[in-house]
Amino acid sequence: MVLQRLAHQCTVRVAIQQRAPSVTMSQSELSRSIEKLGAADDWEGVWKLINGAWTSTTMEPDTASMQQLIDHALAKKNGRQAVRLAQKLSTIISCNRLAANAITDEWIVAVLCSAVKLTNSLAAGKKHPFVDFSIALFSVDVMPDGPKLDRVQFRVLRCADRLLARNSARGAASILAELNAATAKYVVPLNTDSEQVVRSVQGPKWTYSTEKHGKDMSYPELKKWYIDAVARRVIPTIFNIRQLLIKAQKHGDHEFWETVISKDFPKLMDAFKFTSLTTTTQLIKYYKKAVWSLAISTYASRKDFDKVIDYFGRIINAGTFPASDECIELLKLMEDDKVTLPVLPMGRKTTTTICGMKPAYMPQSTSTGSKTIDVESPAHRAKLIAQMGLAMLYSSLQHKEWPTDYFYGLLLGLLARAQMIDELQHVFTVVMPAAMSSVPADILNPLLYETGPLVWVTAIQAMSNNSKFDLAKQWFDEYRADVLPKLCEQSSSFAKRWSKLSGQSRLAILAEPYYAAAQITRPLNTDGTSPTPWYNLQQVEWLLELDQLREQDKLTRPFEGVIPLLQVFTHTDEYLNVDKAEALIKNVGLPYSETKEPQVTQPENYFKLAWCYRMMVDGHLNMFLQQKKKLGTAFKTDSGVAKTKERIIFWFKKLDPVRTKALQEISEDDPRISFTKEQLIMIHKLFK
């Protein structure tokens, strides 16, 4: 038998030696020759061929051949040759990273498991010969700025898990300890204490559940199911985890909610690496984003700004970007002047223009290492928040996390407040149309990614407020001629989105842009005083024309249209008309009764109602002064004057309780619902 093997080796070697010197061997020929020598157990010939002793040039064999030789050596229990080949393969990979593309995690794990069986008897403290080889393979998948940490960690954890499962605890623990030491610069070391090793060897593996619970369970049932599942080392689906957190928040079980978010969830993400799933990186990212997004909305509802910032940054650092809802939550919290503006992660730098938008980044602090941004003035603060909004828009497009029209509406409002009109115009006319046309057809909730009337309101109003009346009119005309007819169709996305509203309510929303184009209030004087007159007569007439167009188009007048019209009919000399004002207030869309106090469902509506009532008092007071000036001494007996006095007293009495409730919703008295000293004296005299 031995003689036959030697004869076979000699035949193979002679055939290879005859070809090698005369012709430069290709890599494929070299690899095939090495495989033949290895299959014949001619290891001396293998190394002579690898080292170029028989060829005119030195060439490395391909990785597939080296893998086959290593497998053959291990199968023959030739640990010495397997280690030498592994070291050579490590050298090949370190010189040519692309050569590692064919090496799979499964092969690495299989080799290490076989190697453990050959080297379990190593003396304590002696380095395992395959550790350097395994680390070389673990870290080949690199980017220009270093190893992909999550990939390295996934491979190390998976290998450790398999070693613990297939081999003795002692031998596996030895390998695991060495892997920890060798990969410490890449990843956080694993716990290698004996208790964990024994538990991992003897206990069941983690499994990934595909069961879908949540909506069909009560909160106590879902909570019990979740606790049992984790105890059985089962990772619940993201749907189940989100349903559990939503129901825990709804039932006020904040302690359990915090336990799941802060303690259980990180453990579950680590457990993914001990499942049978072959690829978990993207799944873990999906889990993290889904749960952390929910954390942002929950902490935002609790006004816990620090936690919102924390989880917002976590999503960015995980290599993805928060969705529009989370961006909106954060931007709204920052609108509170008492909130300190944070330094948010900038994301990766790039020069790529996306949907017509150049790169935009989060504003940074001028102080090195500071986690907050210094604010110089309210105008500076508004600009910083608007810049954050632009950075969020660019990063969302960069990660294909398509912004919703709610986000665009908020962003346009922030840009208008910051007087960044050029940026607003660019976003509205260039970026937004390009981005919305790029949204995939199969996206979840597609109705959120189409421009609705409220976005047009914000854009048109911004132009009007900044005296760009020509552009405001141009955009309004475009809305009325091109957009409105499509939105009015029963099959439109707008009709589907607002299907729960009555037909009149939907028509009122569609009419809001009609009252955004005109800006009847003139800017304040340079000294901060109000100009005389306070209104722009040309814009007042444009507002009245727009109201007629709205009626012509058979749309319902919204509350946003009542306010400016009431201002016109109660505070302008040319169009003072309390009868029209009385008719308007009865159709304001808010609860109205001549005898009863209104029942308002939303607290913020008390302010709106108080503002309307206050204008009604003003209108009748202005009418009273006009009557007094016109009639002279006869005004005391005039029936029209008596009626005006009655309406002043009537509206003042209706205003008082509503104003009291409105003041509970705002931090300080507002001039729109309060009176001057002179007005109060005049009203007091009317009560006598």
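The values are calculated or read from the model by the stated rules, or taken from the named source; none is laboratory data. Treat the numbers as computed from the prediction; the structure is a model and nothing was measured. Neighbour counts run over all protein chains shown; Cβ positions are idealised from the backbone, glycine included. Keep in mind that these areas ignore ligands, DNA and RNA; they rest on the heavy atoms of the full protein, side chains included. Shrake-Rupley method; radii C 1.70, N 1.55, O 1.52, S 1.80 Å.
Some points to look at:
- Charge tally in the Cβ shell below 11 Å around Ile315, where Lys, Arg are +1 and Asp, Glu are -1, Ile315 excluded: +1
- Length gained when the stretch Ala39-Ser367 is fully extended (0.36 nm per residue, less Cα-Cα span): 111.4 nm
- The range 358-497 - percent of accessible surface contributed by carbon and sulfur, probe 1.4 Å: 51 percent
- The range 441-456 residues near the modelled Ser492 label - backbone nitrogen below 14 Å, point 7 Å along Cα→Cβ: 450-456
- Radius 14 Å from Cβ of Thr572, net charge of other residues (Lys, Arg +1; Asp, Glu -1): -2
- With a cut-off of 11 Å between beta carbons, the residues surrounding Ala295 carry a summed charge of +1, where Lys and Arg count +1 and Asp and Glu -1.
- Normalised per residue, the accessible area of the range 225-346 is 44 Å², obtained with a 1.4 Å probe and no contribution from ligands, DNA or RNA.
- Contour minus Cα-Cα distance for Lys76 and His254 (0.36 nm per residue): 58.1 nm
- Kirkwood-type radius of the range 328-462, with distances r between different C-alpha atoms, in Å: 15.5 Å
- A Förster radius of 56 Å combined with the Cβ-Cβ distance from Thr529 to Asp228 puts the calculated FRET efficiency at roughly 0.20.
- 17 Å reach of a label modelled at Asp310, 7 Å along Cα-to-Cβ, counting backbone N of the range 355-383: 371-372
- Residues Glu29 and Asn466, FRET efficiency given R0 of 45 Å [Cβ-Cβ distance, rounded to 0.05]: 0.05
- Peptides 370-376, 321-327, 237-243 ranked from most to least packed give 321-327, 237-243, 370-376, packing being the mean of other C-beta atoms within 10 angstrom over each peptide's residues.
- Among 72-78, 542-548, 401-407, sorting by the average number of other beta carbon atoms lying within 10 angstrom of each residue, highest first, gives 401-407, 542-548, 72-78.
- Set Lys496/Lys586; Lys586/Lys653; Lys223/Lys247; Lys48/Lys76; Lys307/Lys338; Lys247/Lys400 screened for pairs whose C-alpha atoms are more than 19 Å apart: Lys496/Lys586; Lys48/Lys76; Lys247/Lys400
- Among 624-635, 225-236, the peptide with the highest mean count of other Cβ atoms within 10 Å heads the list, and the full ranking is 225-236, 624-635.
- Using a Förster distance of 25 Å, the FRET efficiency for Ala642-Leu576 (Cβ separation, nearest 0.05): 0.85
- Here the gap between Leu625 and Asp482, fully extended at 0.36 nm per residue and compared with their Cα-Cα distance, gives a gain of 46.9 nm.
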